[in-house]
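Each remark here refers to the structure printed beneath this line.
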Amino acid sequence: MTPTAMTRFAGQRALVTGAASGIGRAVARRLAAEGASVVGLDLSRDGLEETFDSIVGAHHIAVDVRSEEAIAAVANSDVLVNAAGILLRHELLEHPLDGWQQTLDVNLKAPLRLSREFARAHIEAGTPGAIVNVCSIESFTALPGHAAYTASKSALLMLTRATALELAPHGIRVNAVAPGVTKTGMNAAVRADPEQAAALNEAIPLKRFATAEEQAAGICFLASPEASYITGATLPIDGGWLTR
Ligand SMILES: NC(=O)c1ccc[n+]([C@@H]2O[C@H](COP(=O)([O-])OP(=O)(O)OC[C@H]3O[C@@H](n4cnc5c(N)ncnc54)[C@H](O)[C@@H]3O)[C@@H](O)[C@H]2O)c1
């Protein structure tokens, strides 16, 4: 069966943050292709419109994941994918504290608030659900100039485990993926620099960057009934980066 012929999410409603581009966009499109009714959240209205251009039955809300409107959108979702994220590059000694706080708010606090709202609704209704958080290889390993990002993504990994532990008795599974370097807007400038791109490639055993679709494949697997006995896990999708 080809991925597009799968119907793993038929009859389900999925909320995807960061759906206007990159990994979130690929997840939203794949969930929709597999039968889900998808709601996409992102700051970029234009990006959301492009994502959902030819998808019938999907809708999107141009909103900040930190807002009350985003929290309200979680209601009735069977699947929650927290893909929105930011990476601010600053040397440690010059790292602006407001950028530090912004990173934690978007990458860590927003997934926490959305997950809690998702869980409250499911516990009240007595229904199962699945959450997938998008962590990073930087949940495990640090890169220079990424202090706030690394801190936020390692905390998101432990939040995934803590949430999984508390929600397991309610039939709510919580997992994460840890993407390696993936071809999205987040690192376009780095990949366009031949020296930096070569250095990154050198660190990847498979010697290439991931596509957003390869990340979506893992995220959708964890969100699907095929992963029914998996909770609290973080799946590296990194071309082997973390094997070293
Ligand atoms: N690209 C990579 O190499 C890589 C590697 C590891 C992890 N990740 C993670 O993958 C996730 C998706 O990133 P991507 O690579 O697709 O990058 P991207 O920049 O293409 O997508 C991120 C999306 O999040 C949205 N967003 C940012 N802040 C927001 C906010 N406050 N409210 C609503 N939406 C907001 C952006 O508008 C954007 O559409 C992120 O969590 C990122 O940290 C990416």
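Kindly provide the set of residues from region 187-230 that are open to solvent by less than 80 Å² (accessible area, probe 1.4 Å), within 15 Å of the chain's Cα centre (by Cα) and within 16 Å of the ligand (Cβ to nearest atom), ordered by number.
Ala210, Thr211, Ala212, Glu214, Gln215, Ala216, Ala217, Gly218, Ile219, Cys220, Leu222, Ala223
Kindly provide the set of residues from region 161-191 that are out of contact with any Ser or Thr (no Cβ under 6 Å at 6 or more places or on another chain) and over 21 Å from Gly85 (Cα atoms), ordered by number.
Once the filter is applied, which keeps residues that are out of contact with any Ser or Thr (no Cβ under 6 Å at 6 or more places or on another chain) and over 21 Å from Gly85 (Cα atoms), region 161-191 yields Leu165, Glu166, Leu167, Pro169, His170, Gly171, Ile172.
Considering only region 38-111, give the helices (runs of 4 or more DSSP H) lying wholly within it that have at least 3 residues that are over 19 Å from Ala155 (Cβ atoms).
Result: 45-51, 68-72.
What is the number of the single condition among (1) of a type outside the set (Lys, Arg); (2) part of a strand (DSSP E or B); (3) in contact with a Lys or Arg (Cβ under 9 Å, 6 or more places away or on another chain); (4) touching a residue at least 60 places away in the same chain (Cβ under 8 Å) that Asn175 does not meet?
So Asn175 meets the others, but not (3).
When region 191-244 is examined, which residues are found to be closer than 22 Å to Gly22 by Cα, among the acidic types (Asp, Glu) and in a helix (DSSP H, G or I)?
Scanning region 191-244 gives Glu213, Glu214.
For residues in region 37-61 being open to solvent by 10 Å² or more (accessible area, probe 1.4 Å) and aliphatic (A, V, I, L, M), which is nearest to the ligand (Cβ to nearest atom)?
For region 37-61, the residue satisfying everything is Leu43.
Six or more apart or on different chains, Cβ under 6 Å: which pairs go from a residue in region 60-78 that's at positive phi and touching a residue at least 60 places away in the same chain (Cβ under 8 Å) to one that's more than 11 Å from the ligand (Cβ to nearest atom) and open to solvent by 50 Å² or more (accessible area, probe 1.4 Å)? Could you list them?
Hits for this filter: Asn76/Arg13.
Just one of Thr141, Thr160, Thr150 is crowded, with 18+ Cβ neighbours inside 10 Å and more than 22 Å from Phe221 (Cβ to Cβ); which is it?
Thr150
Please count how many residues of region 71-80 are out of contact with any Leu (no Cβ under 7 Å at 6 or more places or on another chain) and either under 13 Å from Asp42 (Cα atoms) or surrounded by fewer than 19 Cβ atoms within 10 Å (Cβ to Cβ) (or both).
So the answer is 3.
Mind telling me which of the residues Thr160, Thr184, Thr141 ends up being more than 21 Å from Val16 (Cα to Cα) and within 16 Å of the ligand (Cβ to nearest atom)? Walk me through how you get there before you give the answer.
Numbers: Thr160 fails: more than 21 Å from Val16 (Cα to Cα); Thr184 fails: more than 21 Å from Val16 (Cα to Cα).
Matching residue, one of Thr160, Thr184, Thr141: Thr141.
Quick one: in region 132-145, of everything that is free of Cβ contacts under 8 Å to residues at least 60 places away in the same chain and closer than 18 Å to Ala83 by Cβ, which residue is farthest from the chain's Cα centre (by Cα)?
Glu138
The values are calculated or read from the model by the stated rules, or taken from the named source; none is laboratory data. Since this is a predicted model, take the numbers as computed values, not measurements. As a convention, Cβ positions derive from the backbone with ideal geometry for all residues, glycine included, and neighbour counts pool all protein chains shown. Just so you know, the surface numbers come from the protein's heavy atoms only, side chains and all, with ligands and any DNA or RNA stripped out. Shrake-Rupley method; radii C 1.70, N 1.55, O 1.52, S 1.80 Å.
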